[in-house]
1. Take the stretch 46-72 and flag every residue that is open to solvent by less than 40 Å² (accessible area, probe 1.4 Å) and in contact with a Lys or Arg (Cβ under 6 Å, 6 or more places away or on another chain).
2. Could you count how many residues in the stretch 12-46 are part of a strand (DSSP E or B) and polar (S, T, N, Q)?
3. Scan the stretch 47-74 for residues that are in a strand (DSSP E or B) and among the hydrophobic types (A, V, I, L, M, F, W, C) and jot them down.
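The values are calculated or read from the model by the stated rules, or taken from the named source; none is laboratory data. Treat the numbers as computed from the prediction; the structure is a model and nothing was measured. Positions of Cβ are generated from backbone atoms using ideal geometry, with glycine treated the same way; all protein chains shown enter the neighbour counts. Areas reflect the complete protein model, heavy atoms only, side chains present, ligands, DNA and RNA absent. Shrake-Rupley method; radii C 1.70, N 1.55, O 1.52, S 1.80 Å.
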Amino acid sequence: MTTEYVPIDCGLHSRYELAIMRRQQLVLSWADEAGTVDACTVTPLDLFTRQAQEFLRLRDAQGREHTVRLDRITSCRFPADG
């Protein structure tokens, strides 16, 4: 798995921000540093930047918090905009 950060599309970043503000659940898949893919329904909590990399802090259905680098998210299903 590549360690160099690749910025995500601004429109996608805005959708994550909106989901946080609305407290909407997302169906998210992401790869960890070892390349292992995880997928589950999550509640996004916060976006932040550390060392020029962007991250999403989230909570899974079991209440565990995860921090995922945005460029490691492999898929996301957003709720229908309404």
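1. Scanning the stretch 46-72 gives a single hit, Phe55.
2. 3
3. Leu47, Phe48, Phe55, Leu56, Leu58, Val68, Ile73
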